[in-house]
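The values are calculated or read from the model by the stated rules, or taken from the named source; none is laboratory data. Here the structure is a predicted model, which is why all the values come from computation and not from measurement. Every residue, glycine among them, receives a Cβ derived from its backbone with ideal geometry; neighbour counts consider all protein chains shown. What goes into the accessible areas is simple: the full protein's heavy atoms, side chains included, and nothing from ligands, DNA or RNA. Shrake-Rupley method; radii C 1.70, N 1.55, O 1.52, S 1.80 Å.
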Amino acid sequence: KTQEQGRRQEVLMEVLESLDGLPLPSRLWRTVARQTDGMQHNELLRHLTGVSQKELQDTINLLIESRRLILTTLDSDKSIVYHAVSADYTKKTKDLNKDEKLVYDLIGLAKNKGVWTRDIKRGSGLQQIVLNKCIKSLVNRELIKSVTAVGGTRKRVYMLFELQPSEEVTGNAFYSDGAYDDAFINTIRSQVRQFISRKPVTLSEIKKFILDSGMSTVTLKEQEVRLVVETLVYDGVVEKVYRHSTSVDVEGEYIYKAMRLTLAPNGLTEVPCGNCPVFKLCTDGGEVS
């Protein structure tokens, strides 16, 4: 029995380090790994033909025990879903207790969209005090981090420490700590408006101007630059004009130029002298009279 336990531990360590040399565990893990959102049990059976039910169950148990597979269930019908995890992911959690591993796994499945504490609690079934303790431990170990999500509630979500939050969570470059940065966007608008007032420019030229000026600590994407310029177009201070290409092989593009401001009509502009371009040269007996 001791030899069997020792051999099982060797197999577990081999699974932890690498699946090479273990045909069925390797095949099963790689099959599940193809599905980034996990693979349901029935779908897994379709891929692993020619494997007995006992072999399959023993292999699944081995991979779960060695933490190369994570098991979850669907909320809709409680179907079993398997998720493949890397050996590096497994090594990070080897010193965690059972509850911490459970919380870490649930947060890891959320990827860069993060997961709210309420959803972690529902998925783990842990009491709030136990959950809070687990989250604090994982944060202190720099295994997870909290991120403020955009929106009215500005709720905090948790994700793995090494992940970069998606824009769905943090918003675009015009958000700071989950809130819309009015001061930043107004600075960009003002500088871009001045730049356009000098000459007609393309969107790529505006993007380069923002980058070269250093007014933004982050590199704005083309879509974000377009949003800024479109607000100036909407305000009526910038005009968007399509410029056709002189070559049949090259598409035209939009250029942006400053709108010419017109004065509201008044008593002076309604009479001929008020609109005359040589008004100042007009004198009795002069060249213009």
Karplus-derived 3J(HN,Hα) from phi for the range 81-89 (6.51 cos²θ - 1.76 cosθ + 1.60, θ = phi - 60°), whole Hz, x at Gly and Pro, runs 10, 9, 10, 7, 10, 6, 5, 5, 4
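Please compute the per residue accessible area over the range 64-173 with all protein chains in place, 1.4 Å probe, rounded to a whole number of Å².
Details: 6090 Å² over 110 residues.
For the range 64-173, the solvent-accessible area averages 55 Å² per residue.
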Relative contact order of the range 36-175 (C-alpha contacts under 8 Å, at least 6 apart) in percent is 19 percent
By the mean-Cβ-within-10 Å protection proxy, highest first, 54-62, 99-107 rank as 99-107, 54-62
Residues whose built amide H sits under 5 Å from the amide H of VAL238, excluding neighbours closer than 5 in sequence, are VAL233, MET259
On the accessible surface of the range 178-239, probed at 1.4 Å with all protein chains in place, carbon and sulfur together account for a percent value of 50 percent
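Less than 13 Å Cβ to Cβ from GLU142, Lys/Arg counted +1 and Asp/Glu -1: what total charge do the surrounding residues give?
Working: positive: LYS92, LYS136, ARG141, LYS145; negative: GLU162.
Combined, the nearby Lys, Arg, Asp and Glu give +3.
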Violations at 29 Å Cα threshold for listed pairs LYS54/LYS113; LYS101/LYS155; LYS91/LYS121 -> LYS54/LYS113
Net charge (Lys, Arg +1; Asp, Glu -1) of residues whose beta-carbon lies under 12 Å from that of THR59, THR59 excluded, is 0
